[in-house]
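Notes for the one structure printed next.
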Amino acid sequence: MQIYLVGGAVRDKLLGVATQDRDWVVVGSHPDQLKALGYQQVGADFPVFLHPVSKEEYALARTERKTGLGYQGFTVDFDSSVTLEEDLARRDLTVNAMAEDEQGQLIDPFNGQADLNKRILRHVSPAFREDPLRVLRIARFAARFHHLGFSIAEDTQHLLNSMAASGELTHLVAERVWTEMARALTETTPSEFFKVLKRSNALKAIFPELDRLFGVPQTMRWHPEVDTGIHTLKALDWARAHDADLEVLLATLCHDLGKGLTATNILPSHRGHEQLGANLLPAIAQRMKWPNGPAQLAESVARYHTLCHTLPELRPATILGLLKNLNAFRQPTRVEQFAQACAADFYGRSGFEQFNYPQRDLLIACASACAAVQAAPFVEQGLTGKAIGEAMDLARIDVLTQLKLTWR
């Protein structure tokens, strides 16, 4: 039995970057032998084991053969005769198909180190095309390493286009797509994930509502970059660079989806795009299996983001209505998330990086001031039921009126 460190840990060590997980491959063994050594089996489709001390994952060397459609359409062989090179050959990219033995020696049968030095993402073999999820995986790696100068090899790009044209992306399981997209959103340059999918003609199969934003014009006065798709990705990268969480990143990505439905006769204006986009999102979230929290924030940002932009001109009652629609008094963090997504929309425009966006802090201040209005004083006055809420709303409007005077 031989044990090798494989995959991302080896790649990241050569790159000199931190890695979160270490994966191991076991060659020349079988499940009973590992169990006897105290390893705990956790894999259902093929044997993966947790080390009895470190709890790191150890997988038996295996080969895969395509037998059906989609991510699960494979027959797996993990016989003890499977070699390390055979296991590495089934991997997606050459930079992920390297191993290190117990003496620290590099095993690199597919020249991954050379591609790493050249900053190239290249598929290991034609078997890459057998798993459509790899289109999303390579796009995610492009997003992770774009800032280091990585690009996709020309022959690999042709393969991605061919895979998208085959139609097999439509067989991907929604939960797997969400997992890859969620991870991509938190990579260093998330826009690159969607750019790769767009270049590969895969975005229209994965996220057609986003795909149709590209080429849709906006008013140059407010959007010097003009193209709605470009604006969306610029906003996304701004949010990521300013430590936005996953929910804010998804909301930023989706904030202008309604512009893809604007009637051509009113372009480049987009009157009513807020409601059009918000109305799209429940069905998108259901189809793509998004968690409730991110889906709800995305819908709120799509529906109300232009209100935040015009906050200083809004009446106090309108500001209170916005806060209540955001569920600000039960979920105070929602206001901060909403305001950050709105800031990303503002700054995701060519040349707007030099301007200030005070609306973010103003909205948070409004929420804080209104949250200070409590029910207890009104209960002490003898109010009950609905009357308490009405009195609190009037008090909050008064607070917002006074607060707005300080903005001038």
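The values are calculated or read from the model by the stated rules, or taken from the named source; none is laboratory data. Nothing here was measured: the structure is a model prediction, and the numbers come from that model. Don't worry about glycine lacking a Cβ; one is built from the backbone with ideal geometry, like all the others, and counts go over all protein chains shown.
In the set (1) hydrophobic (A, V, I, L, M, F, W, C); (2) assigned to a helix (DSSP H, G or I); (3) in contact with a helix residue (DSSP H, G or I) (Cβ under 8 Å, 6 or more places away or on another chain), Phe110 fails one condition alone, (2).
For the stretch 6-36, what are the residues that are surrounded by 14 or more Cβ atoms within 10 Å (Cβ to Cβ), within 20 Å of Leu116 (Cα to Cα) and small (Gly, Ala, Ser)? Gly7, Gly8, Ala9 - these are the residues of the stretch 6-36 that are surrounded by 14 or more Cβ atoms within 10 Å (Cβ to Cβ), within 20 Å of Leu116 (Cα to Cα) and small (Gly, Ala, Ser). The sole residue among Leu172, Leu233, Leu185, Leu197 that is buried (at least 18 other Cβ atoms within 10 Å of the Cβ) and at pLDDT below 95 is Leu172. Within the stretch 206-221, residues that are crowded, with 18+ Cβ neighbours inside 10 Å reach partners that are of a type in the set (D, E, K, R) with beta carbons closer than 6 Å, at six or more positions or on different chains, in the pairs Asp211/Lys204; Val216/Lys259.
Output the number of residues of the stretch 253-285 satisfying the condition of being aliphatic (A, V, I, L, M), outside any loop (DSSP other than H, G, I, E, B) and farther than 19 Å from Thr310 by Cβ. Steps first, answer last, please.
Start the filter on the stretch 253-285 by keeping residues that are aliphatic (A, V, I, L, M), which leaves 253, 257, 261, 263, 266-267, 276, 278, 280-281, 283-285.
Within this subset, residues satisfying the condition of being outside any loop (DSSP other than H, G, I, E, B) are 253, 257, 261, 266, 276, 278, 280-281, 283-285.
Next, from what is left, pick out any that are farther than 19 Å from Thr310 by Cβ: 253, 257, 261, 266, 280-281, 283-285.
Selection size over the stretch 253-285: 9.
Residues in the stretch 239-252 that are surrounded by fewer than 22 Cβ atoms within 10 Å (Cβ to Cβ), out of contact with any Pro (no Cβ under 9 Å at 6 or more places or on another chain) and either in a helix (DSSP H, G or I) or without any contact (Cβ under 8 Å) to a residue 24 or more places away in the chain (or both): Ala241, Asp243.
Select from the stretch 306-324 the residues that are closer than 21 Å to Asp345 by Cα and charged (D, E, K, R) and list them in ascending order. If the condition is that a residue be closer than 21 Å to Asp345 by Cα and charged (D, E, K, R), then Glu313 is the only one that fits.
Inspection of the stretch 304-316 finds a residue satisfying the criterion of being of a type outside the set (D, E, K, R), over 30 Å from Thr232 (Cβ atoms) and either crowded, with 17+ Cβ neighbours inside 10 Å or not assigned by TED's automatic domain parsing to the domain that holds Asp243 (or both). The conditions of being at pLDDT 95 or above and out of contact with any helix residue (DSSP H, G or I) (no Cβ under 8 Å at 6 or more places or on another chain) are met by Ala241.
Residue-wise test of (1) closer than 27 Å to Asn292 by Cα; (2) hydrophobic (A, V, I, L, M, F, W, C); (3) not assigned by TED's automatic domain parsing to the domain that holds Leu261.
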| site | (1), (2), (3) |
| --- | --- |
| Ala143 | yes, yes, yes |
| Ser151 | no, no, yes |
| Glu154 | no, no, yes |
| Gln157 | no, no, yes |
| Met220 | no, yes, yes |
| Lys234 | yes, no, yes |
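Within this structure, Ala143 passes the test of being in contact with a Pro (Cβ under 7 Å, 6 or more places away or on another chain) and either at pLDDT 95 or above or surrounded by fewer than 21 Cβ atoms within 10 Å (Cβ to Cβ) (or both). Please enumerate the residues belonging to the stretch 349-408 that are surrounded by 11 or more Cβ atoms within 10 Å (Cβ to Cβ), farther than 19 Å from Thr318 by Cβ and basic (Lys, Arg). Once the filter is applied, which keeps residues that are surrounded by 11 or more Cβ atoms within 10 Å (Cβ to Cβ), farther than 19 Å from Thr318 by Cβ and basic (Lys, Arg), the stretch 349-408 yields only Arg349.
Restricting attention to the stretch 228-265, the residues that are in contact with a His (Cβ under 6 Å, 6 or more places away or on another chain) and within 19 Å of Glu299 (Cβ to Cβ) total 4.
Quick grid of which residues meet (1) modelled with pLDDT under 90; (2) part of a helix (DSSP H, G or I); (3) in contact with a Gly (Cβ under 6 Å, 6 or more places away or on another chain):
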{"position": "Tyr4", "(1), (2), (3)": "no, no, no"}
{"position": "Ala9", "(1), (2), (3)": "no, yes, no"}
{"position": "Ala18", "(1), (2), (3)": "yes, no, no"}
{"position": "Asp21", "(1), (2), (3)": "yes, no, no"}
{"position": "Trp24", "(1), (2), (3)": "no, no, no"}
{"position": "Asp32", "(1), (2), (3)": "yes, yes, no"}
{"position": "Gly38", "(1), (2), (3)": "no, no, no"}
{"position": "Phe46", "(1), (2), (3)": "yes, no, no"}
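Condition first: within 24 Å of Asn292 (Cα to Cα) and either more than 12 Å from the chain's Cα centre (by Cα) or in contact (Cβ under 8 Å) with a residue 24 or more places away in the chain (or both). Can you find one or more residues in the stretch 224-231 that meet it? Scanning the stretch 224-231, I find no residue that is within 24 Å of Asn292 (Cα to Cα) and either more than 12 Å from the chain's Cα centre (by Cα) or in contact (Cβ under 8 Å) with a residue 24 or more places away in the chain (or both), so the answer is no. Figure legend. Inter-residue proximity from the stretch 329-351: first residues assigned by TED's automatic domain parsing to the domain that holds Leu362 and more than 18 Å from Ala302 (Cβ to Cβ), second residues in a helix (DSSP H, G or I) and of a type in the set (A, V, I, L, M), beta-carbon distance below 6 Å, spacing 6+ or different chains. Indicated pairs: Phe329/Ala371.
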